[in-house]
Amino acid sequence: MEAAPFTSPSSTCKTSSISSSSSLISLSKISYRNHSPFKLKSRRNLSVRASNDDSVVTLLDYGAGNVRSVRNAIRHLGFQIKDVQTPKDILNARRLIFPGVGAFAPAMDVLNNTGMGEALCSYIQNDRPFLGICLGLQLLFESSDENGPVGGLGMIPGVVGRFDSSHGFRVPHIGWNALQITKDSEILDDIRNRHVYFVHSYRAMPSNENKEWISSTCNYGDEFIASVRRGNVHAVQFHPEKSGDVGLSVLRRFLLPKSSLTGKRTEGKASKLAKRVIACLDVRTNDEGDLVVTKGDQYDVREHAEQSKVRNLGKPVELAGQYYNDGADEVSFLNITGFRDFPLGDVPMLQVLRRASENVFVPLTVGGGIRDFTDSNGRYYSSLEVASEYFRSGADKISIGSDAVHAAEEYLKTKVKTGKSSIEQISRVYGNQAVVVSIDPRRVYLNDPSDVEFKSIKLTKPGPNGEEYAWYQCTINGGREGRPIGAYELAKAVEELGAGEILLNCIDCDGQGKGFDIDLVKMISDAVSIPVIASSGAGVSEHFSDVFSKTNASAALAAGIFHRKEMADIAFDQPLELELLYCETYNMKISNSAYLLLPSNGALGLCLRASGIQCSIMSSSLLV
């Protein structure tokens, strides 16, 4: 049954006057202020006229975050893109996509300062085809508590609030989760029981006032609104452009609403947030000047041979595409020499992002050299400008390493948030879910925990000389320089400064293939309320189940074992809780005592995810 069209002339809509010469404003130049919604006093003659070109999609890009991924997904589906330059472009759109990325207040500033907000309200009230994504959904509500209260467009009743982390749920909500579809939505017809990708700290809640809008919900501590639909107006909290094939089906059904697009749906039960396994590609220039994927052994990336060349495991774009096709949850590029050079001059790395994002429709993270810079000509670049270029080139998240250590040290010394650190600058504009802090600690053994001022832990396995305790000293510049701060203290500080996720490495375990440092991961994941990604040391499949069963890690990252394709067989003697499911493609049942011999082409990955089990990069890792 088709949903009722939007017919609410009394909707509140925070807008400013329309000028045909208006253009979008760079986020780095606008002020961030609180808003309060107000009634639209006079609706000028805003006639809505659709373009006649069925192959053209109008895109409202207000200059924040990775909109390149949405562009690439639209082009991948065979459509052309017309960018909004003036409010008139909105009014004349045949179909409009608003991929909101970043924070609520800056986005509302852009809509108000350019006159786009009033045009957008008029377009939606005329029941024109519209798809809002993530923040593009949240802005439709009356207001948000994000750095607020901040007034929204007021099209849908309700306030956008922050997730409650008091009951152990980590904020931001990052990862693959399931939808509970509440009514016919058309664009969700191919999702049903499959996971889609979320990354957000704020959400809108169902109520009696907005229930007629809601087409699906999702559960993460509380039930929140995952999508809305009224007539031709759709919006989703998740990211279809980052949800693989199932996400592309959402975009396809919006763009081609009357076509029959898929065959029989995959049946299964996807009921909760899945653990993530992330493919990491350490990227650097080799001795011949080519950008290659390499792998370190305790951060040493050179072969232990006479010529001592940089290990070359392949080309970054090709490997990223391979891992996506094999079912990767996310792909992370770490520019391991980024601390040495000016990152905006790293054209090859930017090109890798641009090319990878053309065919990789899962989240991309990039790290290396994200900090304030002054170039050789004396020109100053803020870390926000550096990060913005990465976002524009295709990154969904940026990873900050050395600069985060310096910021945390200063914050712990002064107890003052200056707003000038890279973490604060970037999270203020793009949201904390876009900021990952990479921690590179080294284990320092102790006989007595009182010997140091930093948090230490009792080890499950004694040190080389029988030491029972250790603290984890943070390092910078690729592990080359130790700093007077522990991993525990750093993690707590960066969370307070606005980081949304922690990538937790361990120099001692890197490249050893003996498993993650469970002691370290447990200490940090218990200490913070943001997601923690375990990294360094994965060698066999059991290492993933160990870290997920023994710690509160939300994700695990690995590199070498995936590059070398060393995990063709999976055996779980004591597997995590696997729900009984039917995997249609392979006609197999998976129960709590599962032993799987996986096909070498990795195709099982996407099939298992569709059925409620989150699985890895290739055919080689199976996790809930």
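Since every read-out is calculated from the coordinates, none of them should be taken as a lab result. As the structure is a computational prediction, the values presented were derived from the model and not from experiment. Counting neighbours? That spans all protein chains shown, and the Cβs are built from the backbone with ideal geometry, glycine included.
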Practice task
Would you give the gap between the C-alpha center of segment 518-542 and the C-alpha center of segment 227-261, rounded to a whole Å?
Solution key: 34
Exercise for the section: Just the Kirkwood number for segment 92-157, please: inverse of mean 1/r across all distinct Cα pairs, in Å, one decimal. Expected result: 11.9
Exercise for the section: Return the percentage of antiparallel bridges among DSSP beta bridges fully within segment 438-565, rounded to the nearest 5 %. Expected result: 60
Exercise for the section: Taking the Cα centre of segment 276-566 as origin, sum charge times position over the Cβ atoms of Lys and Arg (+1) and Asp and Glu (-1), and report the length of that vector in debye to the nearest 20. Expected result: 360
Handout entry: Antiparallel content of DSSP bridges confined to segment 276-566, in %, to 5
Key = 40
Problem - Beta bridges by DSSP in segment 50-255, antiparallel share as percent, to the nearest 5 - result: 55
Completion exercise
Using alpha carbon positions and the Kirkwood radius, the Rg to Rh ratio of segment 50-255 is 0.93
Practice task
Measure up 397/522; 461/550; 413/514; 183/258 against 27 Å on the Cα-Cα distance and list the ones that go over.
Solution key: 413/514
Exercise for the section: With 5 Å bins from zero, work out the P(r) of segment 438-513 over every alpha carbon pair and list the percent per bin. Expected result: 3, 16, 23, 25, 20, 10, 3, 1
Exercise for the section: Let me know the charge dipole size of segment 134-200 about its Cα centre in debye, to the nearest 20, where only the beta-carbon of Lys, Arg (+1) and Asp, Glu (-1) is charged. Expected result: 240
Handout entry: Cα centroid of segment 391-466 to Cα centroid of segment 167-221, whole Å
Key = 31
Exercise for the section: With the Cα gyration tensor of segment 276-566 in hand, give its eigenvalues times 5 under a square root as the equivalent ellipsoid semi-axes, listed largest first in whole angstrom. Expected result: 27, 24, 18
Fill in the blank from the handout: Contact order relative to length for segment 186-257, counting C-alpha pairs under 8 Å separated by 6 or more residues, stands in percent at 39
Completion exercise
From the cross-link list 242/417; 242/275; 417/455, the entries with a Cα-Cα span beyond 21 Å are 242/417; 417/455
Completion exercise
Taking a crude spin-label model, label points 7 Å out from Cα along the C-beta direction, the residue 410 to residue 375 distance in nm is 2.3
Problem - Quotient of Cα Rg and 2.2 N^0.38 Å for segment 358-407, N being how many residues it contains - result: 1.28
Fill in the blank from the handout: Place a point 7 Å from the Cα of residue 209 in the direction of its beta carbon; the residues of segment 107-151 whose amide N falls under 13 Å from it are 141-144
Fill in the blank from the handout: 1/(1 + (r/R0)^6) with r = Cβ-Cβ of residue 480 and residue 113, R0 = 56 Å, i.e. FRET efficiency to nearest 0.05, evaluates to 0.80
Completion exercise
In this structure, the FRET efficiency calculated for residue 418 and residue 165 from their beta-carbon separation, with R0 = 25 Å, to the nearest 0.05, is 0.50
Problem - Net charge dipole size for segment 50-255 [Lys, Arg +1 and Asp, Glu -1 on Cβ; Debye, nearest 20] - result: 480
